[in-house]
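Student: First the structure, then my questions, so here it is.
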Amino acid sequence: MRRRKFLRMLVGVEINPVIRALIASDILILSAFGLLAPIFAVFLLEDIQGGSAEVVGFAAMIWLFSRAIFQIPTAIFIDRRTGERDDFWINFGGSVGMSLIPLAYLFASLPIHIYLIQAVFGFFHALTFPSWKAIFTRHIDPHREGLEWAVFDTTTDLGTAITAATGGVIAVTLGFRALFIFVSLFSFLGTLLLLRIYPLMREET
């Protein structure tokens, strides 16, 4: 209810429950990874044996390359199937997988471990990206397309901005292990919010 009132206060209009839930979910998920993003390179340099600027670059490349490879096949798959429940489960499964990725970093000690984790991360991200956007696009309120995309971008940017600084504080005071656990926990909470939209998913579109 508070989230609903906040969004209505922010934009001055009512936003449908699917869009609200998708935005709320991504605020938590993206803000969670915002804790990690600015200092992930520091983790690679300090905690990974043989970590270097080169490892940081390859880690980013592998994640992006993996996401790029799997994104279009995922989009083709969900577009060929009728209804939205397949979109939902692909998005939910990908979000669960993403939430587990920070825990995998706890067991990494070599660059090869990071590269493998980044490849899996890119795969899970490729599942969530087109499926989330497909659901959002179908349920966006008529004549509010620009507004509702702007609300999504604004709220997730604000959340990520806040957590970007917080992540550094957690890493310094509690360590990277605690940071990874926080990222995983908050991302998983955001994923659970997606369950609220399942009853609203159309069996045929």
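Student: Show me the chymotrypsin sites (Phe, Trp or Tyr not before Pro) within the stretch 148-205 that DSSP assigns to loop and that have at most 14 other Cβ atoms within 10 Å of their Cβ.
Tutor: none
Student: About the Cα centre of the stretch 105-199, what is the dipole size in debye to 20, counting +1 per Lys and Arg Cβ and -1 per Asp and Glu Cβ, all else neutral?
Tutor: Here the stretch 105-199 has a charge dipole of around 260 debye.
Student: Where does the chain land at 222 nm, in deg cm²/dmol rounded to the nearest 500, when only DSSP H runs of n ≥ 4 count, each adding -39500 (n - 2.57), divided by all residues?
Tutor: Helix-only estimate at 222 nm: -27500 deg cm²/dmol.
Student: Return the distance in nm (one decimal) between the two label points of a simple spin-label model at residue 65 and residue 42, each offset 7 Å from Cα along Cα→Cβ.
Tutor: 2.8 nm
Student: Return the sequence-ordered ³J(HN,Hα) values of the stretch 89-105 in whole Hz as given by the Karplus equation 6.51 cos²θ - 1.76 cosθ + 1.60 applied to θ = phi - 60°, using x for Gly and Pro.
Tutor: Rounded to whole hertz, the list is 5, 5, 5, 5, x, x, 5, 4, x, 4, 5, 7, 4, x, 5, 5, 4.
Student: Indicate the gyration tensor shape class of the stretch 46-100 (rounded, prolate or oblate), computed on the Cα atoms with a ≥ b ≥ c the square roots of the eigenvalues: a/c under 1.5 is rounded; otherwise a/b larger than b/c is prolate and the rest oblate. All intermediate terms of the calculation are to be shown ahead of the outcome.
Tutor: On the way: a/c = 7.05, a/b = 2.34, b/c = 3.01.
Verdict is oblate for the stretch 46-100.
Student: Same structure, new question: How much length, in nm to one decimal, is gained on full extension between residue 49 and residue 110, taken as 0.36 nm per residue of separation minus their Cα-Cα distance? The partial results should precede the final answer.
Tutor: On the way: separation 61, 0.36 × 61 = 21.96 nm, distance 0.53 nm.
Length gained between residue 49 and residue 110: 21.4 nm.
Student: In whole Hz, what ³J(HN,Hα) sequence does the stretch 164-171 give by Karplus (6.51, -1.76, 1.60; θ = phi - 60°), x for Gly and Pro?
Tutor: So the Karplus estimates, Gly and Pro as x, are 4, 6, 5, x, x, 5, 5, 4 Hz.
Student: If you don't mind, another one. Using the Karplus curve 6.51 cos²θ - 1.76 cosθ + 1.60 with θ = phi - 60°, what ³J(HN,Hα) values do you get for each residue of the stretch 141-147, in whole Hz, with x for Gly and Pro?
Tutor: My calculation for the stretch 141-147 gives 6, x, 6, 10, 4, x, 5 Hz in order.
Student: May I pose another question? Under a plain spin-label model, where a point goes 7 Å from the Cα along Cα-to-Cβ, how far apart in nm are residue 150 and residue 169?
Tutor: 3.1 nm
Student: Given R₀ = 22 Å, FRET efficiency for residue 195-residue 14 by Cβ-Cβ distance, to 0.05?
Tutor: 0.50
Student: Assuming a ≥ b ≥ c are the square roots of the Cα gyration tensor eigenvalues, decide whether the stretch 86-149 counts as rounded (a/c under 1.5), prolate (otherwise, with a/b larger than b/c) or oblate.
Tutor: prolate
Student: Then there is this: Give the span of the chain's Cα atoms along each principal axis, as three whole-Å numbers ordered largest to smallest.
Tutor: 52, 38, 25
Student: Under a crude label model (7 Å from the Cα following the beta-carbon direction), how far is residue 79 from residue 143 in nanometres?
Tutor: It works out to 3.0 nm between the two label points.
All of the numbers you see were taken from the coordinates with simple rules; none came from a lab. None of the values given here were measured: they were computed from a predicted structure. Every residue, glycine among them, receives a Cβ derived from its backbone with ideal geometry; neighbour counts consider all protein chains shown.
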